[in-house]
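Encoded as structure tokens, the structure appears first; notes follow it.
The values are calculated or read from the model by the stated rules, or taken from the named source; none is laboratory data. As the structure is a computational prediction, the values presented were derived from the model and not from experiment. As a convention, Cβ positions derive from the backbone with ideal geometry for all residues, glycine included, and neighbour counts pool all protein chains shown. Quick note on the areas: whole protein, heavy atoms, side chains included, nothing else; ligands and nucleic acids left out. Shrake-Rupley method; radii C 1.70, N 1.55, O 1.52, S 1.80 Å.
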Amino acid sequence: MLQATHPMTATTSSFTGTILDQVRYNCWANTTLVNFLRTKSPELLEKNVASSYPSIKATLLHMWDCQDWWMANMRNEQPGFSWTEGYNGTLDDILTGIVENSNALVNYVENLAPSQLTDTCLVAIPFTGDFLIPRSEMMQQVVMHSTYHRGQAVTIGRQLGFTDAPNTDLMWYLLLIKNK
């Protein structure tokens, strides 16, 4: 029988390991989705359907934009929020950008000291207010937000006739991908 958990020796190690697992999972899942989408017609990825974002392209652009915005907050850059207004890049730019940005998040987290994961950063959230938020919670937000929108991208794809979407579940990653 395979062991599903990976015991750590200290609480800090476990917490740091969990955060690293989450951002590595996010990177793997985004890369897996992008690789799948690269096998599909660009016209279909840009086709409008009924969803909160009108296309797979728009959904991925939103994911990338939000992930980049949260990373800038983690670096205490206090960015404005563009809502991807005026974006003129290509579909390929988005597919490449989301993977590169996901890798950058992993590299960023890997280079933080454990104490920096719980350090708070001032975040001005549009239409909500200013908050002091620990980096670890922002990282969790990035992962959960991307998971939500990956599901939307798959659902949009289903409306377009895609029946072969990859499994990007966290447990799939932890049990079958992480330790390969």
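The table below lists the values:
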quantity: Simple spin-label estimate for Thr90 and Val49 in nanometres, 7 Å along Cα-Cβ; calculated: 2.4 nm
quantity: Where labels lie 7 Å past Cα in the beta-carbon direction, separation of Asn111 and Phe81 in nm; calculated: 2.7 nm
quantity: Calculated [θ] (222 nm, deg cm²/dmol) that DSSP helices of n ≥ 4 give over the chain, each run adding -39,500 (n - 2.57); calculated: -18500 deg cm²/dmol
quantity: Length released on extending from Ala104 to Thr118, taking residue separation times 0.36 nm less the Cα-Cα span; calculated: 3.1 nm
quantity: GluC sites (Glu not before Pro) restricted to segment 30-112 and DSSP loop, no more than 12 other C-beta within 10 Å; calculated: Glu77, Glu85
quantity: Viscosity 1.306 mPa s, temperature 10 °C, Stokes-Einstein D of segment 82-150 from Kirkwood C-alpha radius, µm²/s; calculated: 113 µm²/s
quantity: Relative contact order of segment 1-150, defined on C-alpha pairs under 8 angstrom at six or more residues apart (%); calculated: 30 percent
quantity: Residues of the chain: accessible area per residue with a 1.4 Å probe, Å²; calculated: 54 Å²
quantity: Protection proxy ranking of 55-66, 15-26, 119-130 - average other beta-carbon atoms within 10 Å, highest first; calculated: 55-66, 15-26, 119-130
quantity: Per residue, the convex hull volume that the Cα atoms of segment 13-66 enclose (Å³); calculated: 82 Å³
quantity: Fraction of accessible area attributable to carbon and sulfur, the chain (%, probe 1.4 Å); calculated: 55 percent
